[in-house]
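A short reminder: the numbers here are calculations on the coordinates, not readings from a lab. Everything quoted here is computed from the prediction, not taken from an experiment. We place every Cβ from the backbone using ideal geometry, glycine too, and count neighbours over all the protein chains shown.
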Amino acid sequence: MMRYLKLVNFEINRFSKIYISLLLITLVSQFVGVIIGTKNFLNGARDTMSEERLSEAAFVTNNGGIDFTYIANSLWFQGPIALSAVALIFYIFLIWYRDWFGKNTFIYRLLMLPTSRLTIYFSKATAIFLMVLGLIALQIIILPMENALFNSTVPEVFLNMEMSSSSIMSVNVVLSFIIPSTFTQFLLSYGAGLMVMSILFTAIMFERSFRIKGIIFGLVYCGITAALFLAPVFVMGLGNFYFYPNELFGLLLALGIIVTGLSIWLGSWLLKNRVTV
Amino acid sequence: MKRYICSIIIGMVVILSIGTYYVKVASSASGLPKYTFKTLEGNDKELDPVIINASFENSSFYQSLTFESNQTTYDSEKSYWEKLSGRQDYQSERLIKEHRSFMRGKDSIDSLYEDDDFLAYAWVNSEFTKSGKMEAEFDIGLLEKKDEEETSFQIELPNQERIMNTYVRDVQLVHSKLQVLTMNDVNSNDDKQMKEVHLYTIDLANKKVLRDKTLLSETFTYPNQVDLEMPIDIAPSQPNNMVLFSLMKGVNHEDGPYEEKPNESKLLSYHYETEKIETVKLPKKESLSLDMARSGYVDGKNLYLIDLKSDNYHIKTFDLSSQTLTNDQELGLPVNKKKQHFAAFKNGRVYFLLGNEFDQEGSLTYKPAQLLIADFKTGKTLYKGETVMQATNKKNGKKIGFFTHGLEVK
Amino acid sequence: MIEVKKISKKYGRKKILDGVSFTANKGEVTCLIGINGVGKTTTLKAIMGLTPYKGEILIDDQKMTKDSYEKITFIPDAPIMLPQMTIKQAMVFMADFYTSWNSRRANQLMGFFKLKEETPISELSKGNTAKLNLMLGLSLDVDYVLMDEPFSGIDMFSREQIADVFASHLIEDRGVIITTHEIGDIEHLIDKVILLDNGTVLREFNTEEMREEEGKSVVDVMREVYQA
């Protein structure tokens, strides 16, 4: 257990420079987005009002006001979220391959640690997962601040409504995807994320074990698990059988657990018995 | 310890912020405005069975909400489990609860028939082959309620090679034979288009299509147009003797709009027992128009029409077998032609909802909706009320539209 | 005792190892000799569980488990610690994960090799990298040490230092397996020689017995075997 925690910490420290950069980019870009977004809107409004000689109220009736969704849909706001997502998806691969292909072959040391290979597998998975959640947590912390900044800079006449953080999150497509509106949905979404990560880890282990042939095995494995997990959906799509929503949910949950368990078992078995340094 | 500072901070921040967020979400409201009906007249107990689907939207976002027993619930506020089962109409929900196994995959209320002894279902499964031909079969189900005995089978759709699309619009069980009324688009090679109304009689015991009767067949070529519609059936799955459909003919002008030819359009009725198809004659002197009939509500015996010609809304009952007007109720609500109306007939009452007002601005501001519940026999107003917005913050929501989409009564 | 029993290994169609068997005892230096590409490194990786193989390898009559890594260590000829770490951080890492880490011995070796704690690993020369690997490996209180080509590409002075470590008490009572293709510097230290070629063991002999009974040095036998 101690070694597992030490390894998790070790993996996080290794990625810390890039990770802190991602956090800072998100923080700065989103706040800049709030400031620039409101400024653009207000300048535009002022120009239109002076050109068309409109009162503020008339402008709002003609053109509509502004609310936080306007900010949340901007590139300044969503760009860093996309960047972080891409970086962490990429890191799912990098977290393994950098040990083999880095300047130094750290995988020797890692696999010779007096700890089970499953621990190594879990520590890498945990590190990535924790970093994903860390970014989510940052978003949850800074959104109310951005919202407050926005509400205080926009004059009341132009404001459609003061939104709460949770309604901003449920209204915005990207935010509602990364921060679901209920805790159950949160567990399920990130559970599905863990499943996908375990499948990718297993595919990587196939490649590391059998090289070129392993890439094919890995792709086949991804295909098989996807087919297995989505089987009830396919059955329904083909019109062979209809599942009630709660039945479909139960099946997907059970299959998800099976697929995740299978992937973890197979991945760590390959890491233990088949991987070549 | 210093080496672990990064991980410890991440771990703590994750648990604290995500934890607090979801605890807060679970324990407090979303901050979106709530709507309730303010009683203007009558007893607010009458509101209990009323379900209204609505939305709260502007150009940048859309939130659907349900109004039930004078409580607003946004879809986004529902728990995961509530969202999971989706929103179903009250009828289907009851049937699924009572006959879960039989109702599997049968979600079209028009395809269902229910009486005291039987629950029947008819649907057309169709598939286009690579050569572009349609292959279609009836999917038939029958449930004997007494012993929960299910029968289900598939039979080929007769003359399917000439059909392009089939829509099941009504199902009846008459003398142990299943009557399936469909609207079909007929395949044609040239510019001609053809629309038909068919009645298929299915022998449930022998699993055979006994008869394929064409009730109506209309051929036309562009710019002419023919449309077939049915008034809203307020008891879609109950035994009905009669079914109504309206035939609309018109022409698409080259550079003008579509224009209907009112003299060629008509309202037709089909009687399952007598097997007669007839044109419904709306009494001229009562000034009942075809338009009113089309947007009316039908229950197999009567057609209920909503009349906007007087100062107040009127609901007129037209008896289909005698083809006479049997009732005319004036509602205690003045006519506003800009507003969309919804009606429901249940529990001996008429429920009448006056929704949003369509003005030129696209109505992105809040305007109240009105609801009236009246005793259908006497016309006495049992309840009258209008929505009031309750925003946590006074500024909120005024500039955001509130739209009603439907009315249901439990 | 490390027992390697008929191990085989293929890369694709190419047989790297084909039924290799030998034993290496505690307290002895066993040397795997062969020209490049005959499977010396692969044999060491197989013993360490770093590559799959057919056959069986036992360490003190037991199969390799995670706990075996506290008993046996491998010193490869390439840098295996993260380049961004300093030597100090590498030592902390080892101390963190291995209960068999002996920090007194580590400090002794640091002094002997004249390595500085604050030097980043990325800045080490080839010779110093080899010394670091040796320092990290030998500072574990393990029973067996496997070394892969400890002398290849290393300057003369570093070689002498490394050979001195061999001669010193630091490896005295351990079992050592070493691979090399240049025997010169350490011939006098070797107890046992295994000559590999084409994935098989050509000859296995005890150096002392060979010298006493047949009067041949290791180099003599190598010449005899490889040039025949």
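Relative contact order of the range B:184-290, taken over Cα pairs closer than 8 Å and 6 or more residues apart, is 16 percent. Roughly what % of Cα-Cα distances in the range B:226-278 sit above 14 Å, to the whole percent? Percent of Cα pairs beyond 14 Å in the range B:226-278: 62. Classified by the C-alpha gyration tensor, the range B:127-254 has an oblate form. Its axis ratio a/c, with a ≥ b ≥ c, is 1.5 or above, and a/b does not exceed b/c. Values of log10 I(q)/I(0) for the range C:91-207 across q = 0.16 Å⁻¹ run -0.82, by the Debye formula with one identical scatterer at each alpha carbon and no solvent.
Restricted to Cα atoms, chain B shows a radius of gyration and a Dmax of 25.7, 94 angstrom. Sorted ascending by nearby beta carbons within 10 Å, beginning with the fewest, B:Lys208, C:Lys131 become B:Lys208, C:Lys131.
By the equivalent-ellipsoid construction on the alpha carbon gyration tensor, chain A comes out with semi-axes of 45, 25, 15 Å, ordered largest to smallest. Just to be sure I follow: if Rg is taken over the C-alpha atoms of the range B:40-80 and Rh is the Kirkwood radius over the same atoms, what is Rg/Rh? Value, to two decimals: 1.10.
By DSSP, the beta bridges lying fully in the range C:50-205 are antiparallel in about 45 percent of cases. Taking only the C-alpha atoms of the range C:50-100, the Rg (one decimal) and the largest Cα-Cα distance, Dmax (whole number), read 14.1, 40 Å. The convex hull defined by the C-alpha atoms of the range A:48-117 has an orientation-averaged projected area of 9.0 nm².
Mean sequence separation of contacting Cα pairs (under 8 Å, at least six apart), scaled by the length of the range C:72-216, corresponds to a relative contact order of 24 percent. Across chain A, Cα pairs under 8 Å and at least six residues apart give a relative contact order of 22 percent. Only Lys, Arg, Asp and Glu carry charge here, each on its Cβ (+1 for the first two, -1 for the last two); on that basis chain C has a dipole of about 1040 debye about its Cα centre. Remark: mean inter-chain Cβ contacts per residue of A:243-255 equal 2, using a 10 Å Cβ-Cβ cutoff to other protein chain atoms. Per residue, the convex hull around the alpha carbon atoms of the range A:80-126 comes to 72 Å³.
Peptides A:23-30, B:117-124, C:30-37 ranked from most to least packed, by the mean per-residue count of other Cβ atoms within 10 Å: B:117-124, C:30-37, A:23-30. Computed about its Cα centre, the charge dipole of the range C:1-135 is approximately 520 debye, with only Lys, Arg, Asp and Glu carrying charge at their Cβ. If the chain linking B:Glu156 and B:Thr221 were pulled fully straight, counting 0.36 nm for each residue of separation and taking away their Cα-Cα distance, it would gain 20.4 nm.
Given axes a ≥ b ≥ c from the Cα gyration tensor, I'd like to know whether the range A:1-46 is rounded (a/c under 1.5), prolate (a/b larger than b/c) or oblate. Verdict is prolate for the range A:1-46. The value given for the range C:1-85 is a Kirkwood hydrodynamic radius of 14.0 Å, derived from the mean inverse Cα-Cα separation. More than 22 Å apart: what percent of Cα pairs in the range B:226-373 qualify? The share of Cα pairs beyond 22 Å in the range B:226-373 comes to 48 percent. In whole percents, the pair-distance distribution calculated for the range A:101-195 from its alpha-carbon pairs, binned every 10 Å from zero, is 13, 31, 22, 17, 11, 5, 1. Where does the Debye-calculated log10 I(q)/I(0) of the protein assembly as shown sit at q = 0.05, 0.07 Å⁻¹, using only Cα point scatterers of equal weight, no solvent? At q = 0.05, 0.07 Å⁻¹ the computed log10 ratios are -0.51, -0.81. Ranked from largest, the principal axis spans of the Cα set of the range B:178-248 equal 44, 30, 13 Å. Modelled this way, with points 7 Å down the Cα-to-C-beta line, the labels at B:Asp48 and B:Lys146 are 3.5 nm from one another. How big, in percent, is the set of alpha carbon pairs in chain C lying more than 30 Å apart? Here the long-distance tail beyond 30 Å is 24 percent of all Cα pairs in chain C.
Here the 3J(HN,Hα) profile of the range A:47-64, calculated from phi with Karplus coefficients 6.51, -1.76 and 1.60 at θ = phi - 60°, is 4, 4, 5, 6, 5, 9, 6, 9, 7, 4, 5, 5, 4, 5, 5, 6, 9, x Hz, Gly and Pro shown as x.
For the range B:1-57, the gyration tensor built on C-alpha atoms gives a prolate shape. Its axis ratio a/c (a ≥ b ≥ c) is at least 1.5, and a/b is the larger of a/b and b/c.
Across peptide C:81-94, the average count of Cβ atoms from other chains found within 10 Å of a residue's Cβ is 3.
Restricting the GluC sites (Glu not before Pro) of the range B:238-305 to loop positions (DSSP other than H, G, I, E, B) with no more than 14 neighbouring Cβ atoms within 10 Å leaves B:Glu254, B:Glu264, B:Glu273, B:Glu275. For the peptide B:5-15, the mean number of other protein chain Cβ atoms found within 10 angstrom of a residue's Cβ is 6.
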